[in-house]
Amino acid sequence: CYAALGDISKTRYLHKVNTIAEYARGEIGGDGTQHFMVRAKMAVLQHDFKIAENILVDQGQIDECLDMYQELHKWDEAIFVAEAKNHENAADLRSNYYTWLIDTGQEGQAAVLKEREGDMQLAVQLYLKGGLAGRAAQLVQSGKVELPRELQEKIATALVRSGLYDKAGAFLEKLQEYERALDAYRKGHAYRHAVDLARREFPQQVVTLEEDWGDYLCQLKQVDMAVSHYIDAGQSTKAIEAAILARQWNKAIQILDVQDPEVAQKYYKQIARHYEAGKQFFEAEKYFIKAHAPQDAVDMYSKVMKWDDAHKVAVTYMSESDIAMLYITQAQRLEAQHRFKDAEKLYLLVKEPDLAINMYKKNRQYDQMVRLVTTYRKDLLTETHLHLAQQLEHEGNFREAESHYVEAKDWKPAVNMYRANDMWDDAIRVAKLHGGASASKQVAFAWAVSLGGEAGAKLLQKFGLIEQAIDYAIESNA
């Protein structure tokens, strides 16, 4: 089945197992026990090498065990068995294994072998040759070997070239090459070790290192951790910016409170914006004030229609002219949003009722306009009604025009308006309501005259005004 699937390695393995199994069946003794060699081979095929070793060693077949391990390139196990059994070829095995490692370019493994044998200096050289400078340094630092200075320099150079700067720094520190160690720590961004070394040997560099450490943490997006290092470095501005970026608001405030106001000002505004976004308006106001930006606090309160709070801040911290300018600008913004009541409130707060009146006029909210004129410009009330009446008449809105003529206590223009537009019934109604019977008769007569002849006579008769019409005609020489 595996052959059909194209799994060649599995096919060969099963064929090999089957062959050994067939062989094993021919090697079973009379007591039913398999031959030990077959059992050992079966264990190897099943990767149970330790079982295979135990079978062979128990049967005294040390050479076969060593051959098995060598065939599998398990040299360490072969050497262990040879040394454990005091085999005469133990030394040769070690030598052959070392030669094979060197020939196959496995200097690192050869170094492990030499380290195990106690040849530390050669082990160090092999580690370096195999590109394992870290292992070489570790061996030296363990105190197991004393090396000449030249070889130690090679290890340090190899560590730097391999980019193992933190290990190079530690190694150079052991060599009391403190400047080079510090440089290696810097290159490897091992700032904790660098700062510890600087505190002992180069105190004047600690501040610079703390700042570099903070910069590096910011590059790693670990801004919250950078704050304390900037503080230790005396870099207040960077500490504040890092704290704000990390949203450590309380920490940022603590730093800001001990800074020069000119430095702190713009950062206070950022903090205020944070509290504003969180609807913590009182806190936001406090930091807007610290940022010398009371107008922003007023604007904030205006957006959420907290007019009393807005006014309180304005009158406390702003000049009258600035308040007026701010409120008018804000009111115009509200007006554009058709929030007329809010805009009116702001106009009135800065004692600009005319602007509110004009706003309502522009937006044809005449009732609101008249309300404000009545309250704040009473001397102009009649003039306002007349103006509105004329405008409405011009627009053809006669009923509303009539209302304003009447409010202006000047009903005759309303009568004339209706007469001019052949709305005689309305003209008579207005004249009778506000001028009495005599006035209504005059309008009726004018209507009859405009009709003339029989139609006019019928109209007068309809109104029961025949006699009055005659009298009026005689008096008028008509």
Output ordering of 357-365, 283-291 (per-residue mean of other Cβ within 10 Å, highest first) is 283-291, 357-365
The answer for trypsin sites (Lys or Arg not before Pro) in the range 162-223 that fall in a DSSP coil and have at most 16 neighbouring Cβ atoms within 10 Å is 221
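Accessible area per residue for the range 243-316 in Å², computed with a 1.4 Å probe and the full protein assembly in place, what is it?
Details: 4060 Å² over 74 residues.
Heavy-atom SASA per residue in the range 243-316 reads 55 Å².
Based on the Cβ-Cβ distance from residue 449 to residue 425, what FRET efficiency comes out when R0 is 22 Å, to the nearest 0.05? Before the final figure, lay out the partial values.
Details: r = 16 Å, r/R0 = 0.75.
Taking R0 as 22 Å, the efficiency between residue 449 and residue 425 is 0.85.
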For the range 170-290, the Cα-Cα pair-distance distribution in 5 Å bins from 0, as whole percents, is 2, 12, 19, 16, 14, 12, 8, 6, 5, 3, 2, 1, 0
Taking r as the C-beta separation of residue 237 and residue 338 and R0 as 51 Å, the FRET efficiency to the nearest 0.05 is 0.70
Straight-line reach check, residue 16, cutoff 29 Å on alpha carbons, 8 or more apart in-chain or any other chain, hits among lysines -> 41, 50, 74
Once the in-chain neighbours fewer than 8 apart are removed, the lysines whose Cα is under 25 Å from residue 378 read 341, 345, 351, 361, 362, 409, 412
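Residue 99 to residue 201: FRET efficiency via 1/(1 + (r/R0)^6), r the Cβ-Cβ distance, R0 51 Å, to the nearest 0.05?
Values: r = 46 Å, r/R0 = 0.91.
With a Förster radius of 51 Å, E is 0.65.
Just the number please: accessible area per residue for the range 155-242, 1.4 Å probe, all protein chains included, in Å².
Working: 4580 Å² over 88 residues.
Normalised by residue count, the accessible surface of the range 155-242 is 52 Å².
Test of the criteria: in the range 373-478, which GluC sites (Glu not before Pro) are in a DSSP loop and have at most 11 other Cβ atoms within 10 angstrom of their Cβ? Please list the in-between numbers first.
Values: sites: 383, 393, 395, 400, 402, 407, 454, 467, 475; in loops: 395.
For GluC sites (Glu not before Pro) across the range 373-478 that sit outside H, G, I, E and B with at most 11 neighbouring Cβ atoms in 10 Å, the list reads 395.
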Ordering 295-304, 416-425 by per-residue average of other C-beta atoms within 10 angstrom, highest first, gives 295-304, 416-425
Once residue 61 and residue 371 are pulled to full extension, the length gained, defined as 0.36 nm per residue separation minus their Cα-Cα distance, is 99.6 nm
Largest-first ranking of 370, 258 by accessible area, probe 1.4 Å, whole protein assembly kept, is 258, 370
Note to self: with every protein chain in place and a 1.4 Å probe, the range 327-448 gives an accessible area per residue in Å² of 54 Å²
Under the 7 Å Cα-to-Cβ spin-label approximation, residue 383 and residue 48 lie apart by a distance in nanometres of 11.8 nm
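Would you work out what percent of the accessible area of the range 380-478, with all protein chains in place, is carbon or sulfur (probe 1.4 Å)?
51 percent
In percent, how large is the relative contact order of the range 403-478, given Cα pairs closer than 8 Å and 6 or more residues apart? List each step's numbers first, then the result.
Working: 54 pairs, mean separation 12.6, N = 76.
Value for the range 403-478: 17 percent.
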Given 323-330, 273-280, the highest-first ranking by average Cβ count within 10 Å works out to 323-330, 273-280
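State the percentage of accessible surface on the range 196-352 attributable to carbon and sulfur atoms; use a 1.4 Å probe and exclude ligands, DNA and RNA. Numbers along the way, then the final one.
Numbers: 4300 of 8620 Å².
Answer for the range 196-352 is 50 percent, counting heavy atoms of protein chains only.
The values are calculated or read from the model by the stated rules, or taken from the named source; none is laboratory data. If you're wondering where the values come from, they're calculated on a predicted model, not measured in any experiment. Quick reminder, even Gly has a Cβ in these numbers, built from the backbone with ideal geometry, and neighbours come from all protein chains shown. We work out accessible area using only protein heavy atoms, side chains counted, and drop any ligands, DNA or RNA first. Shrake-Rupley method; radii C 1.70, N 1.55, O 1.52, S 1.80 Å.
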